[in-house]
Amino acid sequence: MRNALPSEVAEVQHTLERVRNEIGKAFVGHPELVNELLVALLANGHVLLEGIPGLGKTLLVRTVGQVLDLSFSRIQFTPDLMPADIIGTSILVQSPNGERTFRFQHGPLFANIVLADEINRASPKTQSALLEAMQERHVTAGGQTYELPKPFFVLATQNPIEMEGTYPLPEAQVDRFMFKLRIDLPDMDDMRTILDRTTGAAAPEVFTVLTASQLQELQDLVREVPIASHLRDLVIQIVLATHPGKPQAPDVVNNYVRLGASPRGAQSLVIAAKAWALMSGRFNVSQEDIHRMVLPALRHRLLLSFAGEAEGITTEEILTQVLAHATTSWNPSQG
Amino acid sequence: MPILILDEQLRLRIDAVLYRLRRVDQLTVAVRAMVASLLAFAPLRGIIGLAAGGEGGLISFALALIVGVTYIIVSRRPHHTRLSAARFIDRQLSLEDRLATAVERSGPESGPGNRVEQWLFADVAGLTRFIRPEELVPYRRPREVRWLVPLLIVAVVLSMPIYPKGFTWQIGGGEWQEIAKKADELDALADQLEYLAQQQPELREVAELMRNITEQLRDRRLSRSEALRLLQEFEREMHLSADAQGVDLDLSYIQNLAQRLQRINPTDMKSRESASQWLSQNQRRGGVSDRDPQYGTATDEYQEYTQTRGTPIRNGDGDSEISQQSASGGQSSGDRSLSESTDLTGGYDTDYYDPFMDDESYMSGSSAGVSRGDDRQDESFQRSPEIIREFVPVSGSISESGPMITGQAEGTMVPGEPIRPRVGGSTLAIMPVGIEQAVTQEQIPLAYRHWVKRYFESIEPGQEP
């Protein structure tokens, strides 16, 4: 029950389809993961990728950079990495006439797509240097503020298994990531394809299909997607339900959660739902869009209590119950 | 950017759905309220009916009604709006909240629309043909309707007189016992009448009437309140049937009582008819005929009949005068104004307050309320059931020979002549009335009152035991 899409939307869908195809040439499988990554790009949000080593996290991010024709830089986070190593530093420059001045040397953060590889290996000091860049999209060095290029994405990866010598990300920084995506092991068919593609003589060639300006236009379009008030209320209901002690919270939250999602989480959920709706060829947010985006947008914003950690319960399990509870208690016919 | 306006046809369809949603909701609430009322009525009627011996039907109905009204008030009915109707359509047709979003964004109050919203409005306008109100909201009977008929049957059954009566654990059980006791007394009185009927066969009909009342009191077909009312009326009529000399089983009293009994015995038409026949026979013989209200005094035939039975008929001078005055157009008020009391102490006189005293037909006879002893037939046959006999204090004193009223003056006044007091009329009535009052206060069974009164009457002043 759908009318013909306007040409602009059809073109958007066509472009996104080409992006997916190009990424698929290098990164095999995980179509949902690719879609969620594109949603984050359309919503202008940062992404934290989590998975065991060797699953192609870095490959995925690099491929996205190639497809989108955006400047790309990679920062390998290590314990001895300093903030100036990523932001940049002022260096003393002597002019031909012998005049010496300080000039800011841009660090690797000045790129459209920044791959922060194994972000949890850097010290908290270096990690916090990313805070301003991620939220304000500018950096300050030597009393000067420098704007970061637009669009600006931080795609960070972290290894959840190898915890030796790592520094878990502070809550404030985790909250600045719009999505936290998990990469699982590919299935049998995907593994077979991966082996065929990567062990042969020819490496797959990836083309650019979307420029920075086109991406920015899409980002503007996403923000124009309307959301009905009852769905907005549903988002609020879901976010409040993640906080223990709130009347909306189910028992599982009261028992296993220490801290729930912030209002920034609600913002991320709404904007992600809008992007997902547009990617699906719709001009409004639906309840299904919100349901679909709850896990990637909120899973890293819940802090488990000791009981939750001890029970080995995951935030995904909690969010699934929160979603069911919030949807049940939410009555769209009111108001 | 333009203001977004919803497509007119689409808006009409949504409004049609809204209208039907409201109607269905109202119907559902109404049916549920009825079911709730009936559900409440059944146990209430059962419990109250058992506890009150079948009474309390009105209370049960009122309580059930309150339950139904309360349900309507407290039931959380959704407030249907165009937006809620749009959400309903979205859910029914799986429109992924498109219609609701468009409805919410439509209108000038929502401000100008952007590109995506314009696309949305163009998209939903194409959905009009899929929105069919009669299919989306069909008028179906609410599911609760199936409970209405069984509950109605239960309610009707429980409303029938199926409840046992007269148990001590029931509300008013003591009153039932009292009623049974009174019925026994009435039965004894009927026995006496039947005994007297050996000499006076006409009394048998009265006895039958009394038996009928007794049966009604005993078999508990009547409700408690009806039985009490019947008993109360019987006693009232019995006293009202009495003249100034109190309850006396003479013929005039029994005639009077018979007429009253057939009036308070509405369930037995046969008895009523027989009583009427009996009365008409007696009226032809000696009573006052309804067709001849002019005559308040007894006819010669009746006087002859009553004298044969030895019933004292006092026809004093004052009475004759009153009759003359009444015949000449005198009114009761004038007569009553002649009743005067001097300042004495003790003793009670009886006086009748009759709202029909101004009735011309009633007043046309000699029943002016003065000569009570002589015109009692007239009073008894024409007095309406609203008559209330009052005891009013009169002057008097208690002498050594018993309670005696002195200085009591009653009389008549003929225009142009001095007042002619009728000495002794009310004074003589004091003694029997006092006896009757004592008999009533001491709660002497009806069957024995007559004999107790006789006993007291037989005591001469100064010869008290």
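Structural remarks
- Filtered by the rule that a residue be exposed (fewer than 13 other Cβ atoms within 10 Å of the Cβ) and at pLDDT below 90, the stretch B:139-156 gives B:TYR139, B:ARG140, B:ARG141, B:ARG143.
- Every residue from the stretch B:99-119 that is touching a helix residue (DSSP H, G or I) at 6+ places or on another chain (Cβ under 6 Å) and at pLDDT 90 or above: B:LEU99, B:ALA100, B:ALA102, B:VAL103
- Criterion applied to A:ALA203, A:ALA172, A:ALA241 was being modelled with pLDDT of 90 or more and among the small types (Gly, Ala, Ser), and the one residue passing it is A:ALA241.
- Any chance B:ARG146 is assigned to a loop (DSSP other than H, G, I, E, B) and out of contact with any Ser or Thr (no Cβ under 7 Å at 6 or more places or on another chain): no
- Contact map, the stretch A:165-177: first residue more than 26 Å from A:ALA43 (Cβ to Cβ), second residue surrounded by 12 or more Cβ atoms within 10 Å (Cβ to Cβ), Cβ cut-off under 7 Å, separation 6 or more or different chains; pairs are A:GLY165/A:ARG121; A:THR166/A:ASN120; A:THR166/A:ARG121; A:TYR167/A:ASN120; A:TYR167/A:ALA122; A:TYR167/A:SER123; A:TYR167/A:PRO124; A:TYR167/A:GLN127.
- Selection count, the stretch A:286-325, where residues are modelled with pLDDT under 90, within 16 Å of A:HIS243 (Cα to Cα) and assigned to a loop (DSSP other than H, G, I, E, B): 0
- Any chance A:GLN127 is in contact (Cβ under 8 Å) with a residue 60 or more places away in the chain, closer than 17 Å to A:GLU50 by Cβ and either charged (D, E, K, R) or surrounded by 14 or more Cβ atoms within 10 Å (Cβ to Cβ) (or both): no
- Single residue of the stretch A:274-285 satisfying the filter (within 11 Å of chain B (Cβ to nearest Cβ) and touching a Leu at 6+ places or on another chain (Cβ under 8 Å)) that is modelled with the lowest pLDDT: A:GLY281
- Restricting attention to the stretch B:130-143, the residues that are of a type in the set (D, E, K, R) and not in a helix (DSSP H, G or I) total 4.
- Counted residues, the stretch A:85-108 - those being in contact with a Leu (Cβ under 7 Å, 6 or more places away or on another chain) and either touching a residue at least 60 places away in the same chain (Cβ under 8 Å) or of a type in the set (A, V, I, L, M) (or both): 2
- Being under 30 Å from B:SER110 (Cβ atoms), surrounded by fewer than 16 Cβ atoms within 10 Å (Cβ to Cβ) and assigned by TED's automatic domain parsing to the domain that holds B:ASP123 is a description that applies to B:LEU12.
- Failed item in (1) in contact with a Gly (Cβ under 7 Å, 6 or more places away or on another chain); (2) without any contact (Cβ under 8 Å) to a residue 40 or more places away in the chain, with A:ALA141 passing the rest: (2)
The rows are residues; the columns are (1) surrounded by fewer than 14 Cβ atoms within 10 Å (Cβ to Cβ); (2) in contact (Cβ under 8 Å) with a residue 60 or more places away in the chain; (3) of a type in the set (S, T, N, Q); (4) more than 30 Å from B:SER60 (Cα to Cα).
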site: B:GLY166; (1), (2), (3), (4): no, yes, no, no
site: B:GLY172; (1), (2), (3), (4): no, yes, no, no
site: B:GLU175; (1), (2), (3), (4): no, no, no, no
site: B:LYS181; (1), (2), (3), (4): yes, no, no, yes
site: B:LEU186; (1), (2), (3), (4): no, yes, no, yes
site: B:ALA190; (1), (2), (3), (4): no, no, no, yes
site: B:TYR195; (1), (2), (3), (4): yes, no, no, yes
site: B:GLN198; (1), (2), (3), (4): yes, no, yes, yes
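- Tally of residues being of a type in the set (A, V, I, L, M) and within 14 Å of another protein chain (Cβ to nearest Cβ) across the stretch A:286-335: 1
The values are calculated or read from the model by the stated rules, or taken from the named source; none is laboratory data. Computed from a prediction, not measured in an experiment: that's the story for all the values here. Please note: Cβ atoms are built from the backbone with ideal geometry, for glycine as well, and neighbour counts cover all protein chains shown.
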